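Read-outs throughout are calculated quantities, based only on the coordinates presented, and are distinct from any laboratory measurement. Fair warning: this is a prediction, and the values are worked out from it, not measured in the lab. Counting neighbours? That spans all protein chains shown, and the Cβs are built from the backbone with ideal geometry, glycine included.
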Amino acid sequence: MENIDIWNKGLTLIKKNLNNDIFELWFKPTTFKSYDNGEVNISVPNRYCGEWLKTNYYGLIRDALINITQEKDIKINFVPAKEREKTEETEIIKQAPVKSTLFQEKRMLNKKYNFENFIVGPSNQFAHAAALAVAENPGKSYNPLFIYGGVGLGKTHLINAIGDHVARNKPDVKIIYLTAEQFTNEVVAAIRYDKMYAFKEKYRNIDMLLVDDIQFFSGKDKSQEEFFYTFNALYEAHRPVVMSSDKYPKEMLKIEERLRSRFEWGLIADIQQPDFETRMAILKQKAELENIKLPEDVILFLVDAIKTNIRVLEGALIRLGAYGSLTGKPITVELAKDILKATISEKEKTITSDAIQKATSEYFQIKLVEIKSKKRTKNLVMPRQVAMYLCRELTALSYPEIGKCFGGKDHTTVMHACRQIEKLKEKESRLKDIVDALIKTLKA
Ligand code: ADP
Ligand code: MG
């Protein structure tokens, strides 16, 4: 066997153990360099690639190579291709058309979402006011602005509205809107294609950065690091950064502390679940925009049945509208119930805190009154924390509301409980099994 075959065969073995995208991204660009005395040198496009392979796939690579060489042990070195000078790098970027998203300059805001069509109600007026303040006075008001709220409650709408407002008033302003997932993809592409310098340049030179769904950064260390640097650079230059998340900064595990604390520097504005009137107003506006005509009692039925997610509410409206126009049948409440059976029972089957407390105390064989009590004996603390955690996961109750259900505990106690269980669950698979079993029982 020629030495070079060691790596080729190694790659074939490795490929079997990996998802194809990952293989293409990290292993495809590597080449064999040398093999001597139990040491294999592999050439990688750059230092980042080498570090990435080393941290994430060292064991896998070593096993494959031991398998092929039949050596007792194998050491692998990742040798970066020569790092280029900055100026040269810029040149190369100009020449090389890269198919990744990295150089797709204009990140489009979603034109559908603006302040004019955002309905303001008690559940979102604070977030709306904060967003408007940033849009009217970018850089001079809250920085960063962190919009926090449950899924489908208007975060993406608001963050786009900010961009839209600024772009309309100042067409020259360079705004980037993207999701944390897209940001992560860009980081990966930049590493992969050796364009980190261009990546940094691009983000340091904008006037406003809007990042949606920041919870996606959880556990993505390299992206967090890059975002951290980007954030600092913009912040120091008084350029506004707006972020949205469906998790409160404190709830975001696997986010580095230094980044978490940045999230809290400016203003955190939350969006709550909309009340009846707000849902009604949003649905009516949507019906008008989409030119869908439904009888008043059907609208009422929808607004009543779907409370926790406006996207689902709008989806139901569209479905009924489509059904009506395709079949020509008039939509009645009965028909609506039938058409939306799946949507409504799935999304809105309400699990109550009572049911959770009952199931949890039964599981741990403690008394229901004890789970709500203030007693801090060891056999009670954990079940109580599990029950609080489940309330947070399975109901729409806020921390203070959950506290109330547990005999008037402070919201910080509930927050602590949720984080505690979240952490323990990762470490102890038994606890994870218990929690999963309880969720299953409650959902059944
Ligand atoms: P999130 O990003 O919080 O998951 P979105 O911003 O995507 O939610 O909102 C879901 C849908 O609900 C969108 O179509 C959005 O336009 C609509 N929506 C949410 N809140 C409002 C509101 N206050 N006024 C009008 N439409 C809203
Ligand atoms: Mg969103």
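Annotations
- HN-Hα J in Hz across region 291-296 - Karplus 6.51, -1.76, 1.60, θ = phi - 60°, x for Gly and Pro: 6, 10, 10, 10, x, 4
- Electrostatic bookkeeping for residue 131 treats Lys and Arg as +1 and Asp and Glu as -1; over the other residues with beta carbon under 15 Å from its beta carbon, the sum is -2.
- Within region 101-183, GluC sites (Glu not before Pro) in DSSP loop having at most 11 other beta-carbon neighbours inside 10 Å: 105, 116
- At q = 0.08, 0.11 Å⁻¹, base-10 log of I(q)/I(0) for the chain (Debye sum, equal scatterers on each alpha carbon): -0.65, -1.07
- Contour excess over end-to-end distance, with Cα ends at residue 111 and residue 426 and 0.36 nm allotted per residue: 109.3 nm
- Sites residue 21 and residue 368 - FRET efficiency at Förster radius 41 Å, r taken between beta-carbons, to 0.05: 0.25
- Placing a label point 7 Å from the Cα of residue 151 along the Cα-to-Cβ direction, the residues of region 271-288 with a backbone N closer than 16 Å are 273.
- The distance between label points at residue 168 and residue 261 comes to 4.0 nm (points 7 Å beyond Cα on the Cα→Cβ vector).
- With the simple model of a label 7 Å out from the Cα in the direction of the Cβ, residue 218 to residue 352 spans 2.9 nm.
- Taking every Cα-Cα distance in region 292-444 and sorting them into 5 Å bins starting at zero, the pair-distance distribution P(r) comes out as 1, 9, 17, 16, 13, 9, 9, 9, 7, 5, 3, 1, 0 percent.
- DSSP-loop GluC sites (Glu not before Pro) across region 278-385, with at most 13 other Cβ within 10 angstrom: 290
- FRET efficiency estimate (nearest 0.05) - Cβ-Cβ, residue 378 to residue 125, R0 51 angstrom: 0.70
- Dipole of region 256-378, positive end: most advanced residue of 263, 350, 300 [Cβ charges, Cα centre]: 263
- Secondary structure note: in region 3-80, about 45% of the DSSP beta bridges are antiparallel.
- Only one residue of 109, 385, 52 has its Cα farthest out toward the positive end of the dipole of the chain, where Lys and Arg carry +1 and Asp and Glu -1 on Cβ, and that residue is 385.
- A helix-only calculation puts the chain at -17500 deg cm²/dmol for mean residue ellipticity at 222 nm, using -39500 (n - 2.57) for each DSSP H run of at least four residues, averaged over all residues.
- Across region 276-339, Cα pairs under 8 Å and at least six residues apart give a relative contact order of 36 percent.
- For region 125-271, the convex hull drawn through the C-alpha positions has a volume of 97 cubic angstrom per residue.
- Spacing of the modelled spin labels on residue 338 and residue 5, each 7 Å from Cα toward Cβ, amounts to 6.9 nm.
- Mean-position separation - Cα centroids, region 1-73 and region 347-393, in angstrom: 49
- Cα-Cα over 24 Å, subset of 307/443; 247/367; 372/443; 54/222; 220/440; 378/432: 247/367; 220/440
- Cβ-placed point charges (K, R +1; D, E -1), dipole of the chain about Cα centre in debye, nearest 20: 860
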